[in-house]
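Comments concern the structure below.
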Amino acid sequence: MSDFSIHWFRKDLRLEDNPSFHFAASEGRIVLPIYIHDTVNNQDNPEFQEGEATRWWLHHSLKELNQNMDHQLRFFYGNPLQIIQELIEQYSIQSISWNRCYEPWEIERDTEIKSYLNQHNIEVKTFNSSLLFEPWEVLKEDQTPYKVFTPFYKKGCLGRHPGPRQLVAKPKAIQWANLQSIGTNLESLDLLPSHPWHEKLHHYWTPGEKSGKIILQEFLNEGLDGYKDGRNFPSLKNVSRLSPYLHFGEVSPHQIWFADKTGKPQRDIDHFLSEIGWREFSYYLIFHFPSMCTENLNGKFDNFPWDENPEFLKAWKEGKTGYPIVDAGMRELWETGYMHNRVRMIVASFLVKNLLIHWKEGLDWFRDCLCDADLQNNTASWQWTAGSGADAAPYFRIFNPILQARKFDPDGTYIKRFVPELASLPAEFLFAPWETSPVILEEYGIELGKTYPKPLVSIEESRDYALKAYDKIKG
DNA sequence: TTTTGAGTTGTTCGA
DNA sequence: GTCGAACAACTCAAA
């Protein structure tokens, strides 16, 4: 019987620039590509489980990946260690390789599997695939991790030699193991949610490596010029929308980093790449401070007087807060499995600082609804918003949803798209409809409390309350 | 060890 | 309507 080289696909659902796959499919090797839906190792903590949008994305991405490799991908579900043990017992395995993952439970699991394979004298190789800089390699001079983005990025990343690894070519003339009989089929992984919510996501997204490539190219052609400023306006096309592809590795950060950006303004290129830097920073923080996934990074926030208010939380989730920009964002999320970055900050600030609801509630809803839901980005960003994360800024930032809407959605294009019951309202009344007289609103067919909600809380009062709460915990 | 400079994304106030 | 200062004085990074 021939020897097989197993490549274990995880968050690297692509054939190009895939170091482990490239190794397993290199000349003289017979590659056995596998995917394991782990139903064991992340079960203890809900925050480590995939949300519905993510599962939808994963299903379709795997389907495309399998098609792109002549249906040679073998599917399994259960405990990866056990599945790999069985493969070793049944077949002659020359090597096992994978690209590294960075969630705390993944690191723990992979370490255990690696040690098992070493004990059984199976060649095991792990590769860098989804981060430009390995978190353990970037440290301050005193050998401790950075906690502030700018020095992390400028000195730790941009100033580091050597820089990110080079791109890896797609393997040619692959020799497949062609074991049609082992494992199960994609449908048996049962990834698609039973709730039909996900069906509409097809209108907005095409998961998979091919589509990721197109999205990247379109962004470079049409969205990068003017990115630095345009990225703040949710009705403009100056955001890349690459986040879900990055999450599952259908596009690698290296492919973005080294993509041809000739002729584009340097300030836009630099700013766009710094956003990739922020992704690196989130992964870095959770690698060095894994307790961040469940606890405040800044322990002072353990005493913050969060409000448990199921009614407010429900209104926020449903986009019925009475603040049009907040509601537009929450409805964009529900409708499309995505939310524009600027609006994410607005809705997050509103939940945490005006409704005083714990950041974990927001994290959890985003985890379930976002196609790009990513433990590291989601956690680090929610903690940043709450003020409990890595953020050296000395003041308490509270977004004003009225000002933000006026500034970044001046003609109301974005709001009107997702809050159609306000579509007829002129922009001068749109951002704070409760300040407009009922008579005028009636002319546009709007009655607050009936056709559109009254504001859940007063911005001024809830802001003052939050500032006082912040005052209490800082001492 | 001490000191100095600086920190993604903001808001409000008053001139 | 626009602009600069105040907010309130915290941490981190690095010399």
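A short reminder: the numbers here are calculations on the coordinates, not readings from a lab. Only a predicted model underlies this, so the values are computations on that prediction, with no experimental measurement involved. All Cβ positions, glycine included, derive from the backbone under ideal geometry; neighbour counts span all protein chains shown.
Numbers below:
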quantity: Karplus-derived HN-Hα couplings along region A:245-257 (A = 6.51, B = -1.76, C = 1.60, θ = phi - 60°), whole Hz, x at Gly and Pro; calculated: 5, 5, 4, 9, x, 6, 10, 9, x, 5, 5, 6, 4
quantity: Low-density loop positions, trypsin sites (Lys or Arg not before Pro), region A:401-465 - DSSP coil, at most 14 other Cβ in 10 Å; calculated: A:450
quantity: For region A:299-474, convex hull of alpha carbons as volume per residue, Å³; calculated: 108 Å³
quantity: Between region A:1-28 and region A:430-475, the Cα center-to-center distance that results, in Å; calculated: 55 Å
quantity: Shape category assigned to region A:274-389 from the gyration tensor of Cα positions, a/c cut at 1.5; calculated: oblate
quantity: Percent antiparallel among DSSP beta bridges (both partners in chain A, rounded to 5); calculated: 5 percent
quantity: Neighbour net charge for residue A:141 - beta-carbon separation under 15 angstrom, K R +1, D E -1; calculated: +3
quantity: Residues A:292, A:345, sorted so that the one with the fewest Cβ neighbours within 10 Å comes first; calculated: A:345, A:292
quantity: Helical contribution to [θ] at 222 nm, DSSP H n ≥ 4, -39,500 (n - 2.57), averaged over chain A, rounded to 500; calculated: -12000 deg cm²/dmol
quantity: Packing-based exposure ordering (other Cβ within 10 Å, fewest first) of A:21, A:396; calculated: A:396, A:21
quantity: Gap separating the Cα centres of region A:113-143 and region A:208-236, nearest whole Å; calculated: 32 Å
quantity: R0 of 56 Å, Cβ-Cβ distance residue A:43-residue A:435: FRET efficiency to nearest 0.05; calculated: 0.70
quantity: Unit charges on C-beta of K, R, D, E only; dipole of chain A, Debye; calculated: 1060 debye
quantity: Karplus (6.51, -1.76, 1.60) ³J(HN,Hα), θ = phi - 60°, over region A:374-391, in Hz, Gly and Pro reported as x; calculated: 9, 3, 5, 5, 5, 5, 4, 6, 5, 5, 4, 4, 5, x, 8, x, 6, 7
quantity: Among A:376, A:438, A:425 - extreme Cα towards positive end, dipole of region A:357-475, charges at beta-carbon; calculated: A:376
quantity: Chain A: C-alpha pair distances exceeding 45 Å, %; calculated: 15 percent
quantity: Given charges at Cβ of Lys, Arg, Asp, Glu: region A:66-186 dipole, positive-most of A:185, A:151, A:78; calculated: A:151
quantity: Taking A:7, A:59, A:71 and counting other C-beta atoms within 10 Å, the order from fewest to most; calculated: A:71, A:59, A:7
quantity: Restricting region A:100-208 to trypsin sites (Lys or Arg not before Pro) in coil, as DSSP defines it, with at most 10 other Cβ within 10 Å; calculated: A:172
quantity: Loop chymotrypsin sites (Phe, Trp or Tyr not before Pro), region A:296-380 (other Cβ atoms within 10 Å of the site Cβ: 12 or fewer; DSSP); calculated: none
quantity: Rounded to whole Hz, the Karplus (6.51, -1.76, 1.60) HN-Hα couplings of region A:65-77, x for glycine and proline; calculated: 4, 4, 5, 6, 10, 6, 6, 9, 6, 9, 9, 9, 9
